[in-house]
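The values are calculated or read from the model by the stated rules, or taken from the named source; none is laboratory data. The model shown is predicted, which means the values in this text are computed figures rather than measured ones. Cβ atoms come from the backbone with ideal geometry, glycine included; neighbour counts cover every protein chain shown.
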Amino acid sequence: MPPVKNNHHNRRQLIKGALALGAAPLLTALPQSLSLHAAAPKLGPSFPMIIRFELGDFEITNILDTIAMRDGPYPIIGENASEAEVQALMKENLLPETRWQPGFTPTLINTGQELILFDTGNGDAGSVKRPNGGLLLSQLEAAGYKAADIDIVIITHGHGDHISGLLEGGKPAFPNARYIFGEREYDFWTTAEMNTDRLKGGAAKFKKMTEPLKEKITFISPGMQVLTGIEPVEAFGHTPGHLAFHIESNGQKLLLWADCAHHHVASLARPDWHIKFDVDKEEGVKTRKKIFDMAATEKLPVIGFHMPFPSVGFVEKRHDQGYRWIKHSYQLK
């Protein structure tokens, strides 16, 4: 009997040969076929500008008002430190050493009875110009609201990036709102003593923005209950009447600290570093330590106006007496 041929082996060799013969023209043709279709266009960077979550019976919405990068954080942060120290801290935390993107984040609280806006961003008259700043009004609609829906505007302090959105085209941007200011803060920006080289520009802007609203302004002080569940907290130093706010609903609490921190690493790790825009530098240091310790000890969720968007997080106390910002992920629904 003749030997049986290994047909399986022969078939395998034939397949390998056919594949080898076909491979070259296929690979040659592939780039030609791809070249018939245009590449997808680049769309540019994209990032969220609105976040909404619940706190008890309150619904809270943060809206990013400004997307601009800026030089820094030194010397805006670390005036009493060296540039090398600040840059070393940035490098240690895998951040650019000379560039920085702070958040500028007004906050809306829907209590079920009233819609309350904390701070108004850069508007059409702020230092960060459109289209990079003054985005609050355009983003309100995307968030499901209109400017006319705002019942109350609360101003944490009088710096331009918090008040420049009060007016739009010289008219009240929130036509149906009433306004709440810290009495000490309002007095500071409207007194004759403000006519100094350093602060007179800010005082002039404050007066311009608030003059058309005078008949609708109510004044508050720390410890007063503004509305049910909203209470101002003394946070002086950044400005003489700068206010933070305790927010509480149905047993759940949050701290809105406005400008107690300007950088999510530098301000917390080194609360003793001076901030360029603090009117009273040493008082600002004391306030940062007090507010950070409160947030860490009580494990409060925090909204920080200049924290990276979504500007919500928690504070952890470190062993070296500094603090660490922990960005919100899914702790709040």
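Quick one: count up the residues across segment 297-320 that are outside any loop (DSSP other than H, G, I, E, B) and buried (at least 19 other Cβ atoms within 10 Å of the Cβ). Let's see the steps before the verdict.
Let us first name the residues in segment 297-320 that are outside any loop (DSSP other than H, G, I, E, B), namely 297, 302-304, 312-317.
Next, from what is left, pick out any that are buried (at least 19 other Cβ atoms within 10 Å of the Cβ): 302-304, 312-313, 315.
Final tally of qualifying residues: 6.
Quick check: anything in segment 262-273 among the hydrophobic types (A, V, I, L, M, F, W, C) and not in a helix (DSSP H, G or I)?
Within segment 262-273, the subset among the hydrophobic types (A, V, I, L, M, F, W, C) is 265-266, 268-269, 273.
Okay, now just the ones that are also not in a helix (DSSP H, G or I), so 265, 273.
Yes: segment 262-273 contains one or more residues that are among the hydrophobic types (A, V, I, L, M, F, W, C) and not in a helix (DSSP H, G or I).
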Discussion item. Can you tell me which condition residue 5 does not meet? The list is (1) more than 22 Å from residue 311 (Cβ to Cβ); (2) at pLDDT 85 or above, and all the others hold.
Written reply: (2)
Practice prompt. Starting from segment 133-152, keep only residues that are within 14 Å of residue 168 (Cα to Cα), then list their pairs with residues that are part of a helix (DSSP H, G or I) and among the polar types (S, T, N, Q) whose Cβ atoms are within a distance under 9 Å, requiring at least 6 positions of separation or different chains.
Written response: none
Item to complete: Scan segment 63-85 for residues that are under 16 Å from the mean Cα position of the chain (by Cα) and assigned to a loop (DSSP other than H, G, I, E, B) and jot them down.
Response: 64, 65, 66, 67, 68, 69, 73
Item to complete: Of the conditions (1) without any contact (Cβ under 8 Å) to a residue 40 or more places away in the chain; (2) buried (at least 21 other Cβ atoms within 10 Å of the Cβ); (3) within 26 Å of residue 172 (Cβ to Cβ); (4) not aliphatic (A, V, I, L, M), residue 221 clears all except one; give me its number.
Response: (2)
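Determine which member of the set 232, 240 is more than 24 Å from residue 97 (Cβ to Cβ), touching a residue at least 40 places away in the same chain (Cβ under 8 Å) and assigned to a strand (DSSP E or B). Steps first, please.
Numbers: 240 fails: assigned to a strand (DSSP E or B).
Selected residue: 232, the only one of 232, 240 that is more than 24 Å from residue 97 (Cβ to Cβ), touching a residue at least 40 places away in the same chain (Cβ under 8 Å) and assigned to a strand (DSSP E or B).
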